[in-house]
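Here the structure comes first, spelled out in structure tokens, and everything after it is commentary.
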Amino acid sequence: MTAQERRGTPVPGADEPVTRRVWTVPNAISAARLALVPVFAVLIAQGHDGWAVLVLAVSGFSDWLDGVLARSLHQVSRLGQMLDPAADRLFILVTLLGLAWRGVVPWWLVAVLVARDVVLLVVLLVLARAGYAPLPVHMAGKAGTFALLYAFPLLLLSEWSSVVGHAATVVGWAFALWGLALYWVAGAAYLLQATRVLVGARRSGA
């Protein structure tokens, strides 16, 4: 039972059975995605764009797969709820830094995405101090993550001087801007959700 449940505060997604298991298939996939982060960093730093695109594609597919398996196998776990978004954010951060360092994307894109995660980190710290576990990931955040993970391979392909490169530029930036918007929509929703939980707990305590 979470702190929210103990205090009588509604928890979004509380009807989903959550276990404390560590060794699950979805957690193994999330751990493998984390292991791919330094691999991608080396590939993009050394200019192996083809392999880097492949790693990004595998990462994006695994991000979808672990969520599907967690629900279908009834293996939604506390560790998975923390590991999956952590892997996503770390992959996005390292990918953005690599692409910005190569000059593929501007640094303002990095700053806007990092600013959102800093805001959410502050919210998580406030929730933890009040005795609450992290709230469930918002669907808009997952959609934004998918869009960004699709955008990165396309933006890498945009470096090619061909019709494929020009098409990848247009589609890649469409995914990137859409993902950026969804990322901040999810951040705002998470902030509102956390505020309601904390205010509800304070009223219950009063």
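Read-outs throughout are calculated quantities, based only on the coordinates presented, and are distinct from any laboratory measurement. These numbers come from a predicted model, not from an experiment. Quick reminder, even Gly has a Cβ in these numbers, built from the backbone with ideal geometry, and neighbours come from all protein chains shown.
Ranked by the mean number of other Cβ atoms within 10 Å of their residues, highest first, the peptides 63-70, 106-113 fall in the order 63-70, 106-113. A convex hull fitted to the Cα coordinates of segment 50-99 yields 61 cubic angstrom per residue.
May I ask you to give the average projected area over all directions of the convex hull of the Cα atoms of the chain, in nm² rounded to one decimal? In nm², the orientation-averaged hull projection of the chain is 11.6. At what distance in angstrom do the alpha carbon centres of segment 75-114 and segment 142-158 lie from each other? Value for the Cα centre distance between the two parts: 11 Å.
Less than 5 angstrom separates the built amide H of S77 from those of T19, all sequence-distant by 5 or more or on a different chain. Normalised by the number of residues in segment 125-171, the mean separation of alpha-carbon contacts (under 8 Å, six or more apart) gives a relative contact order of 22 percent. Above 16 Å, the calculated P(r) of segment 18-79 contains 48 percent of its Cα-Cα pairs. Each label was represented as a point 7 Å from its Cα along the Cα-to-Cβ direction; for W173 and L65 these points are 3.3 nm apart. Of L97, L148, L121, the residue with the greatest mean-square motion in the GNM of the chain, using alpha carbon springs below 10 Å, is L121. Given a cut-off of under 8 Å on Cα pairs at least six residues apart, what relative contact order in percent is computed for the chain? Across the chain, relative contact order equals 26 percent. Based on DSSP H segments of at least four residues, each scored -39500 (n - 2.57), the chain has a per-residue ellipticity at 222 nm of -27000 deg cm²/dmol. For a distance above 20 Å, tell me the whole-number percent of Cα pairs in segment 111-178 that qualify. Looking at segment 111-178, the distances longer than 20 Å represent 46 percent of pairs. Remark: spin-label model distance L90-L73 equals 2.0 nm, labels positioned 7 Å along the Cα→Cβ axis. Whole-Hz Karplus values for segment 49-63 come out as 5, x, 5, 5, 4, 4, 4, 5, 5, 5, 5, x, 5, 5, 5 Hz, taken residue by residue from phi with 6.51 cos²θ - 1.76 cosθ + 1.60 and θ = phi - 60°; glycine and proline positions read x. When a/c is below 1.5 the answer is rounded, else prolate if a/b is larger than b/c, else oblate, so apply that to segment 72-123 with a ≥ b ≥ c taken from the square roots of the Cα gyration tensor eigenvalues. Oblate.
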